[in-house]
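The structure appears right after this line, and notes come after that.
The values are calculated or read from the model by the stated rules, or taken from the named source; none is laboratory data. Every value quoted in this text rests on a predicted model; they were computed, and no experiment measured them. Quick reminder, even Gly has a Cβ in these numbers, built from the backbone with ideal geometry, and neighbours come from all protein chains shown.
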Amino acid sequence: MHILKTLRVKPWLPAELEPQTNLPSALLNKEKSASTALQFFLAVITVVFLLFTITFLQRTQSFDFQALSGEPWLPFTNANILWQNSAYLLLASISIILAKKFAEQQSLYAIIISLTATTLFTLLFISGQVQVWQQLNQSGFYITTNPANSYYFLLTGVHALHIVGGVLVFMRCIWLFYFNLSYQQLASRLKLCARYWHYLFFIWLFLFCLLTSDADTFKTIALICGF
Amino acid sequence: MTKMENVAIADQVDHSSHPSTFMGKYIWSQDHKVIAIQYSITAIAVGLVALVLSGMMRLQLGFPNEFSFIDPSSYLQFVTMHGMIMVIYLLTALLLGGFGNYLIPLMIGARDMVFPYLNMLSYWTYLLSVTVLISSFLVSGGPTGAGWTLYPPQAILSGTPGADAGILLMLLSLAIFIVAFTMGGLNYVTTILQARTNGMTLMRMPLTLWGIFVATILGLLAFPALLVSAIMMIFDKVIGTSFFMPAILSLGETLDHSGGSPILFQHLFWFFGHPEVYIVALPAFGMVSDVISIHARKNIFGYRMMVWAIIAIGGLSFVVWAHHMYVSGMNPYFGFFFATTTLIIAIPTALKVYNWLLTLWRGNIHLTVPMLFAIGFIFTFTHGGLTGLMLGNVVIDLPLSDTFFVVAHFHMVMGVSPIMVLFAAIYHWFPLLTGRFLNNKLGKFHFWGTFLGTYAIYLPMHYLGFLGVPRRYYAMGDTDFIPESAQSLNAGITVSAIIVGLVQVVFIINVIWSTFKGKKSGRNPWQATSLEWQTAQFPPGHGNWGKKIPQVHRWAYDYSVPNVKDDFIPQNVAPKDVEYLADEKNNNNPREK
């Protein structure tokens, strides 16, 4: 392991080989730095969702918890609209990879089409989620009536905020490209955006599975986790 | 070919990026040094508010019912705001936002943080969080008085001071602070990992940086727990969900909540709260290691062990949180697990204390003011740590829980100790900021007043805890099991606290006076080896390194190397440039051959 090897170094002894000189400092190696920062940021977001999930799983075992799927009258027994939203996010995730590829090939029209597709599919996902919220409210599944409802609104809301954050960065990237970003710089930024979108998609799939599970599944998970 | 093409990219200074206006230089600055000072001034200012609040609490405890402006509600509000401000808005912000920002780029040989704009944004977001917090003093009902742990259900129920706007502003402020910290934290870790200069390997970094690095990672992973709990509590309060709120009868009225778990909040809070202790402690450990080594003219004893200990403490800090919850009715096996992990964390911590002592052992100790504070820290931290071992055991913790013994313990380990290091650091690095020393006589007065004064406060407080005096009580009234002498002791503690508070005024006067009139320090006044003292311009200017960034050839602890002319070799001195003593026969140092 590289890190263990690093930590075993005895720095008080003279180095066998002096490190190379006159290398460009990573200070200006923006892509590498941005990539490292993104990894840490995604780790932070992972902890946020992990903690929400633990509290959720604990709450599934309380007497007043009513899962949102299982019985025919429950909203996510038939989760077609959520599958549709998932497809939007998947398509957004794919189109952003294509945008990055086209940026590498310096194909302007293809870039515009793929970036427009990413924007469109992401907005469709968000509006789809808002539609689900409205349907839940219309069916009487208000945020306060049941802890399962509370968690649904809370977790999808936090996920939506996560997406909005990504969209802002994505828009800034397009804005900069419009003015002075080179194709190479655009490709490198889109690479990071793509990683962010894949992560969004992964988190959404996780939430989808979690929030639409039925009572028996929660019982099994709780048994395994010791709740 | 132009001349510039032969210069490393990092050495190509972009002069157009140097701000020239007052606003660009000092307000909307992206220079890490200016941002560090902005962070420090804000943190110290808000810390002084917290200090005044603690003085008010002490007035009530020492002389109950003598002051009409302190009633039971305001007492609880002072307790809460004092705790939260000191832990989050002063210590975390000053150690990481202040010292982290100032020292990271300078110590690794970088021109700035990797994301200077984000760094600037981090400070202004932090200032917003402080403003939101302080604004709670101005709203109807005042700030929250729920205690710094903000436990529900009481934190958001009527009857608790500040249960309307106060608690919401507190939670909102914390959420904003976490956003600010995340922006800053991402910058710190990325800068350390990606912007180190040539030759600056991870294991050549000064321990200050290791402390800051690991503490920042802890912060990035622990603050989300506070964010999650803050968001869920806001939902409970504003929307009426029941994440933490059980079915409850409040002031004769049945509330709409049902089934929530207050204990769940405690788990989340302490999952953040315990690593927070080390978010504060690890940078302090690092800085004190450097101060001790420099002022004892000796390499730090067991550098690798010190690094490993920092990492081990960081890792273990995530599996000890429930030792704050022994009285919450947890499963005994659960308590046993957390007592064990708590005792295990004492091993790397004790290792560090031994290594500081062994660094001092037969060193050429200079009893400068920074060194006095560093040695003072070893005393206070050892005392705080030992009482921590006591409280880590379930059977001892249960009777002492919620007494002044706990207050004394965590103030010694988490209040006084990091503050001692902060003072050591301020006295040590002040010449780097200003080119001047802080006044030595005032500094020594400040040290002895603070060191002896804090002992006069907290040693008797342990005894009060043993007597069973509970914390967070506005007044004891007639309580049979507590002798009257406890009140005399409380009065004595209050007098000591006021004296310690006044001594800090001397420190502030010293800082202001020395900034303009202090004795000039010259370059590298402590003869330190680390890079921050080796800049082209002193104090360092924008871009830090002039035309060329430094090349590192050695670790940061080459002090008193045998047969070398000076008793220190800076990190950027190449082996061929080291000056040896004239007697060539004695030049038998294998490390430089």
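Scanning the stretch A:191-210 for residues that are under 10 Å from the mean Cα position of the chain (by Cα) and either without any contact (Cβ under 8 Å) to a residue 40 or more places away in the chain or not in a helix (DSSP H, G or I) (or both) turns up just one, A:Phe202.
Among the residues of the stretch B:236-248, at least one is more than 7 Å from chain A (Cβ to nearest Cβ), surrounded by fewer than 24 Cβ atoms within 10 Å (Cβ to Cβ) and touching a Gly at 6+ places or on another chain (Cβ under 6 Å).
One line per residue, one yes/no per condition, for (1) outside any helix (DSSP H, G or I); (2) modelled with pLDDT of 95 or more; (3) away from every other protein chain (no Cβ under 11 Å):
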site	(1), (2), (3)
B:Met233	no, yes, yes
B:His267	no, yes, no
B:Phe271	no, yes, no
B:Gly286	no, yes, yes
B:Ser289	no, yes, yes
B:Arg297	yes, yes, yes
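Can you tell me how many residues in the stretch B:399-422 are within 16 Å of B:His274 (Cβ to Cβ), of a type in the set (Val, Ile, Thr) and out of contact with any Leu (no Cβ under 7 Å at 6 or more places or on another chain)? The total comes to 1. In the stretch B:197-228, what count of residues is obtained for those that are buried (at least 24 other Cβ atoms within 10 Å of the Cβ), out of contact with any Gly (no Cβ under 6 Å at 6 or more places or on another chain), facing another protein chain (nearest Cβ under 10 Å) and not in a helix (DSSP H, G or I)? Number of matching residues: 1. Picking from residues in the stretch A:25-72 that are more than 8 Å from chain B (Cβ to nearest Cβ) and among the aromatic types (Phe, Trp, Tyr), the one that is farthest from A:Ala215 (Cα to Cα) is A:Phe49. Given the conditions (1) within 30 Å of B:Phe271 (Cα to Cα); (2) within 18 Å of the chain's Cα centre (by Cα), which single one is not true for A:Phe56? That leaves (2) as the condition not met.
Of the set (1) more than 7 Å from chain A (Cβ to nearest Cβ); (2) within 23 Å of B:Gln551 (Cβ to Cβ); (3) part of a helix (DSSP H, G or I), all apply to B:Phe177 but (2).
Among the residues of the stretch B:249-257, are any assigned to a helix (DSSP H, G or I), surrounded by 22 or more Cβ atoms within 10 Å (Cβ to Cβ) and either away from every other protein chain (no Cβ under 13 Å) or touching a residue at least 12 places away in the same chain (Cβ under 8 Å) (or both)? No, every residue in the stretch B:249-257 fails to be assigned to a helix (DSSP H, G or I), surrounded by 22 or more Cβ atoms within 10 Å (Cβ to Cβ) and either away from every other protein chain (no Cβ under 13 Å) or touching a residue at least 12 places away in the same chain (Cβ under 8 Å) (or both).
Within the stretch B:392-410, if we keep just the residues that are more than 16 Å from B:Leu467 (Cα to Cα) and among the aliphatic types (A, V, I, L, M), the residue that is surrounded by the most Cβ atoms within 10 Å (Cβ to Cβ) turns out to be B:Val394.
Residues are listed down the side, and each one gets a yes or a no for (1) within 18 Å of the chain's Cα centre (by Cα); (2) among the polar types (S, T, N, Q); (3) surrounded by 24 or more Cβ atoms within 10 Å (Cβ to Cβ); (4) at pLDDT 95 or above:
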{"residue": "B:Leu76", "(1), (2), (3), (4)": "no, no, no, yes"}
{"residue": "B:Gly83", "(1), (2), (3), (4)": "yes, no, no, yes"}
{"residue": "B:Met86", "(1), (2), (3), (4)": "yes, no, yes, yes"}
{"residue": "B:Leu90", "(1), (2), (3), (4)": "yes, no, yes, yes"}
{"residue": "B:Leu94", "(1), (2), (3), (4)": "yes, no, yes, yes"}
{"residue": "B:Gly97", "(1), (2), (3), (4)": "yes, no, yes, yes"}
{"residue": "B:Asn101", "(1), (2), (3), (4)": "yes, yes, yes, yes"}
{"residue": "B:Pro105", "(1), (2), (3), (4)": "no, no, yes, yes"}
{"residue": "B:Leu121", "(1), (2), (3), (4)": "no, no, no, yes"}
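Checked against (1) outside any helix (DSSP H, G or I); (2) crowded, with 24+ Cβ neighbours inside 10 Å; (3) of a type outside the set (Ser, Thr, Tyr); (4) touching a Pro at 6+ places or on another chain (Cβ under 6 Å), B:Gln30 passes all but condition (2). Working only within the stretch B:123-142, note down all residues that are farther than 22 Å from B:Trp28 by Cα and within 23 Å of the chain's Cα centre (by Cα). Correct list: B:Leu133, B:Ile134. Filtered by the rule that a residue be free of Cβ contacts under 8 Å to residues at least 60 places away in the same chain and among the aliphatic types (A, V, I, L, M), the stretch B:19-47 gives B:Met23, B:Ile27, B:Val34, B:Ile41, B:Ala43, B:Ile44, B:Ala45.
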